[in-house]
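To start, the structure itself, in structure tokens.
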Amino acid sequence: MPTADVYRGVTADAIALAVASEAGVQAGEGRLASLFDAHHLRVYKLARRMSGSADAARDLVQETFLRATGAIESVPVGARAEEAWLVRVLLNICRDNWRRQARQARLSVFARPASSFVAGDHETAFIARTTVWRALQMLHPRRRAAIVLYELEGAQIPDIARLLGVSAVTVRWHLSRGRRELAKLIRDS
Amino acid sequence: MIEIGKLLRDSDPLANEPTLAAADIERMRRVAMSHVSGPPTARWPQPVLVAVTIAVTLIASIALGRRLPPPRGAAIGDDVTPSQAHDPVSPEPSRRQLQFATPGGTRIIWVFNSDFSL
């Protein structure tokens, strides 16, 4: 028959475990809060340029930070390392979405009649912008990210390599191939 | 020639759109924070499962090993060409011989005496 001391010991252990768990939750919340506050705008800008709409971009940002929530201990310390980690998570989500979409659904966008790029015409300018961005959606997310980071954010190749977790040579290759693919898609549309 | 960079910059959606609204930021922050849980507890069953798997494998191997008959034939070296392997020349059941010849032609005969003890 367990003695009172045994019960006390078990209770003390349970309380200690609960306290430690609560402390862990609070630490995780603090870490996530600082991560979100520091990087949510940066993640959104990249997500918006990677996706076709503001709604899709907001979903990407939400999903990125939800994944960070589930793996908060894996997030490295330091602003640059955190940024690179979040960018890679974002790209992984984009890649998963990209794979899920049927190739036929993507190609059907370009079955529409071709439009001309006439300056000064708001409608055709809108079509031109849509065409360019839809062509961008056809690229593999990593290649798309390299193009976006270089052409739109003005990032240098070493920084792009750090964010994407690849070598500078790979970044240059993605940029070269990406530009050729985009040009072909836009020309064919 | 299509100037990809210029096309992209002219079509940049962020050039004409506002960034995230404060309400959207607050909502996303709240959703993320609501999913925070404590540090993962030690998954104690996993090491136990690994230990049990190893133990079961060992026991099964020992049991299977005891059921199988002992291997027949003596070991033969890699650098010799056996002329007669496991050939019991002697008629006596307690004495067995193993004869083989080396590449140089030297004939070697091993006689196994079951009565021999150190």
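Scalar couplings 3J(HN,Hα) for the stretch A:160-168, obtained by applying the Karplus form with A = 6.51, B = -1.76, C = 1.60 to θ = phi - 60°, are 4, 4, 5, 5, 8, x, 10, 7, 5 Hz; x denotes Gly and Pro. The order of A:HIS39, A:HIS140, going from fewest to most other C-beta atoms within 10 Å of their C-beta, is A:HIS140, A:HIS39.
Under a 5 Å amide H cut-off, with hydrogens placed 1.01 Å from N, B:ILE108 pairs with B:PHE100, B:ALA101, B:THR102 among residues at least 5 apart or on other chains.
Among A:TRP133, B:TRP110, A:TRP85, A:TRP173, what is the fewest-to-most ranking by other Cβ atoms within 10 Å? Walk me through the numbers before you get to the answer.
Working: A:TRP133 18, B:TRP110 10, A:TRP85 21, A:TRP173 14.
In increasing order of surrounding Cβ atoms, one gets B:TRP110, A:TRP173, A:TRP133, A:TRP85.
Computed from the coordinates by the stated procedures, all read-outs in this text should not be read as laboratory data. Bear in mind the structure is a predicted one, so any value in this text is a computation, not a measurement. Every residue, glycine among them, receives a Cβ derived from its backbone with ideal geometry; neighbour counts consider all protein chains shown.
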